[in-house]
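Contents: one structure, followed by commentary.
The values are calculated or read from the model by the stated rules, or taken from the named source; none is laboratory data. The shown structure was predicted, so the numbers you read here are calculated from the model rather than taken from an experiment. Here the Cβ positions follow ideal geometry from the backbone for every residue, glycine too, while neighbour counts run over all protein chains shown.
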Amino acid sequence: MNEKIFCVIDVGAGSIRCQISEIIPVLKHRVKTLEYIIFPLSIGMDTFLKGYIALDTVYLAADIFNKIKLKFKEYKIPEKNYRAVCTSAVRDAENKQFFINHIRVRTGIELEIIDVNDELYIKYLGISETLKGFKKMESRGAVLVNLSSGNVGINIRKNKISLFSSTLPFGALRIFQLFSDIEERVKYRAYEQYINKLILLLKKSCGDYGKISTVVGSDTSTGLLLKIFNPEGNYFDISSLVNLYSEIKTMSAEEISARLPINDYDAKILKPVLYLYISIMKSVGARKLYFSNQNFSEQLTHFYIKKTKEKKFNKKLVNYFFYYGKKFNFDDKHAKQVLLFAKEIARSLKNILAMKPQERIVLSGASILHDIGYYTNIREHNEHSYRIVNSLNIPGLDREMLENIAICTYFHRNGDYAASKGTAGSEWHARDGISRILSNAPGGGVGAKIAASISPERELTIKKIVSILKIADALDASHMQLINGIDVDVLDKAVKITAAASINPFLEIKIFKLKSNDFLETFGIPVELTVKLDYE
C-alpha cells in the first residue's frame, strides 16, 4: 500500500468526481494531482424534481464506485486514505440513507454527507489560499458565491469577519427543474423573478450588504463559464456575461448547446448561472467576477491532507463572537469584563481544569454571548441566549462546539439572587445547580430537555465551563465594572480569588456566594472571594 496516495470522491448533482493525489512531505505536504476523473451522473435531476434518488440512478452510482475501487487497486491506495463526500443532491434526497447504505454494501466505500456550513467554509479556504489579491478584496468587502447545481452558498466577508454565511436553495439545476414546465421563450423571466428574491434576502439579512464591492465565484458554475470564455486574467467582465445572457435567454437548451462549446447538461443550467452572477454583481456595483481555478475536489484534498485552516482562526473567533453580540445589542463592556475574568481564572487554574483548546474556545464564546438573549426578552434571557447562539452560523466553527456555547449560556444564570429570598415572578429566579440538572435530565423544563441532549462525553466540558462562567459573570453582576482586576491563588483547601475594587461591590459579593457552588461540585474544591478596596 502507498501511504502517500490519497483519493477524494465528490458526489455532486451532475457528476461523481474522483481526484487521486500524491502527498509530497519534503515540500510541506505539497499535493500533486495524479488523476482527475469525472463520471457524469445527474443525481440532482432526481432529487430536485422528485425529491428522491431513483433506483436506477442508485445502481448507476454503484457501478461508478466499483470503477473507482479499481483505481484504488491500481494506485495501491490504503483503505483509510480516501474521503467520499456527498453534497446537496444526496443531502436533500429523502432516501439518502438508502443510497449511502447501498453504496457501502455494493462497493465497501463509506460515503459521508458534508454539512452545508462545512462545505461553504472549505470553499472559502480554497479561495483564500489560491486567489491572488484575495486578502485585499476581503478587507474591502467581498461576497463569495459558491454556485453549484443544488444550492448557492453565500459568504459575505469584510475586515476578516463573515458578515453573512448561508447556503440557499438557488442552485442552477434546482432553478432549471423548478420552472421546467414553463414555455421556453419566457422561462428566463421566471428565473429572473426567483433570483431577484435572493438579492432581496441578502440585502435584508446583511445590514452591511451595501458596503460590499467585490464578487468572487467558485464551484462548477465558474468552470462552466471558463468553457465559454477565455479570460486573460482571473476574472470575467460583467459586460461579457450580460451580452451572452441577452443572446441566449430565449433559447432552448438544445439551441444553446448547438451554439456554444458545452454539453446538454451545462446548457440547461447556463441561464440561471449567468443571471444569478449578473444580479449579484449589479447589486453591489461590481464590474468583475473573480474566480479561483481550484475545483471543489482540489479544495477537499487540501483540506483533508494538509489540514488547511484559517490563519489565526481562534483569535478571529473572538471577533466573530463580539460581532454577533453587537448585532444583538449586548452589553459590550460587561462581555469584555466577563471574558477577562474567565480567561484569568482558566489560566490560573490550568493544572486543575486541564482544558483542551476547544474548551477554551467554548469558554470565550459563552463569556461573550451569555447575555445576548436580553435582545429578545429580559425575563428568561438565558433561554433566549441559548436559542440565538444555537441559531448562529460561524464558518469554520464546529457545530458541537457552537452547541456547547449555547448550552453554557443557558446554564450560566442559575442560583440568582432574589430567588434565594423567595421572590416569585421576579426576573431573578433560582434554578438547580448544573450538576443536579445534568444528573436529573428527565422532565418537562427547558433546562432538563437541554441537559437530556448532552452526551456523557460532553458533560464534563459543560460543567467545567459553566462553573467558571458563573463566577466570572458574578464578578461583574452589576454590569458596572466595579472590580478592576483579580488574582487567583490555589491553596490546599480552597481556591482564593482576590478582587481589587474602588468601591464595595455589594451585588458582586452576594451573587458570587450564590453561583460558586457549581465550582465546588465540579472540581471538589471551594472557591472563595476576598475584596480588597483600593484605599485599604
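Things to note:
- Against the numbered list (1) touching a residue at least 60 places away in the same chain (Cβ under 8 Å); (2) within 21 Å of residue 394 (Cα to Cα); (3) of a type in the set (D, E, K, R), residue 185 comes up short only at (2).
- Yes/no for residue 150 being under 15 Å from residue 218 (Cα atoms), assigned by TED's automatic domain parsing to the domain that holds residue 286 and either surrounded by 16 or more Cβ atoms within 10 Å (Cβ to Cβ) or more than 19 Å from the chain's Cα centre (by Cα) (or both): yes
- Going through (1) closer than 29 Å to residue 319 by Cα; (2) out of contact with any Gly (no Cβ under 6 Å at 6 or more places or on another chain); (3) modelled with pLDDT of 90 or more one by one, residue 182 falls short only on (1).
- Long-range neighbours under 7 Å by Cβ, at least six apart or interchain, first residue free of Cβ contacts under 8 Å to residues at least 12 places away in the same chain and of a type in the set (Gly, Ala, Ser) within the stretch 253-275, second crowded, with 21+ Cβ neighbours inside 10 Å and assigned to a helix (DSSP H, G or I): 257/267
- Those residues of the stretch 69-121 which are of a type in the set (Asp, Glu) and within 18 Å of residue 7 (Cα to Cα), in sequence order: 74, 79, 110, 112, 119
- Which listed residue is assigned to a loop (DSSP other than H, G, I, E, B), closer than 22 Å to residue 115 by Cα and within 24 Å of the chain's Cα centre (by Cα), from 84, 93: 93
- Being in contact (Cβ under 8 Å) with a residue 60 or more places away in the chain, over 15 Å from the mean Cα position of the chain (by Cα), surrounded by fewer than 23 Cβ atoms within 10 Å (Cβ to Cβ) and within 20 Å of residue 286 (Cβ to Cβ) holds for only one residue in 136, 132, 158, and it is 132.
- Identity of the residue in the stretch 348-357, touching a residue at least 24 places away in the same chain (Cβ under 8 Å) and part of a helix (DSSP H, G or I), that ends up farthest from residue 485 (Cα to Cα): 357
- Meets criteria (modelled with pLDDT of 90 or more and over 29 Å from residue 316 (Cβ atoms)) for residue 114: no
- Meets criteria (among the hydroxyl-bearing types (Ser, Thr, Tyr), in the same structural domain as residue 471 (by TED's automatic domain parsing) and either within 30 Å of residue 11 (Cβ to Cβ) or out of contact with any helix residue (DSSP H, G or I) (no Cβ under 8 Å at 6 or more places or on another chain) (or both)) for residue 304: no
- Among the conditions (1) in contact with a helix residue (DSSP H, G or I) (Cβ under 6 Å, 6 or more places away or on another chain); (2) closer than 25 Å to residue 221 by Cα, residue 62 misses just one, which is (2).
- Scanning the stretch 225-260 for residues that are among the hydrophobic types (A, V, I, L, M, F, W, C) and under 21 Å from residue 132 (Cα atoms) turns up 225, 226, 229, 236, 238.
- Looking only at the stretch 45-59, residues that are surrounded by 17 or more Cβ atoms within 10 Å (Cβ to Cβ) and at pLDDT 95 or above come to 4 in all.
- Some residue of the stretch 188-195 being acidic (Asp, Glu) and outside any helix (DSSP H, G or I): no
So that you can scan it fast, the table gives a plain yes or no per residue for (1) in contact with a Leu (Cβ under 8 Å, 6 or more places away or on another chain); (2) loosely packed, with under 14 Cβ neighbours inside 10 Å:
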position	(1), (2)
213	no, no
231	no, no
242	no, no
254	no, yes
262	yes, no
277	yes, no
284	no, no
288	no, no
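Residue-by-condition table, conditions (1) crowded, with 21+ Cβ neighbours inside 10 Å; (2) in contact with an Asp or Glu (Cβ under 7 Å, 6 or more places away or on another chain):
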residue: 456; (1), (2): no, no
residue: 460; (1), (2): no, no
residue: 474; (1), (2): yes, yes
residue: 479; (1), (2): no, yes
residue: 492; (1), (2): no, no
residue: 498; (1), (2): no, yes
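- Some residue of the stretch 99-110 being within 16 Å of residue 395 (Cα to Cα) and in contact with a strand residue (DSSP E or B) (Cβ under 6 Å, 6 or more places away or on another chain): no
- Selection count where residues are among the hydrophobic types (A, V, I, L, M, F, W, C), farther than 14 Å from residue 187 by Cα and not in a helix (DSSP H, G or I), scope the stretch 229-256: 2
- When every residue of the stretch 95-117 is checked against the conditions, at least one turns out to be farther than 20 Å from residue 63 by Cα, in contact with a helix residue (DSSP H, G or I) (Cβ under 9 Å, 6 or more places away or on another chain) and of a type in the set (Val, Ile, Thr).
- Boolean, residue 209 is in contact (Cβ under 8 Å) with a residue 40 or more places away in the chain, in contact with a helix residue (DSSP H, G or I) (Cβ under 6 Å, 6 or more places away or on another chain) and of a type outside the set (A, V, I, L, M): yes
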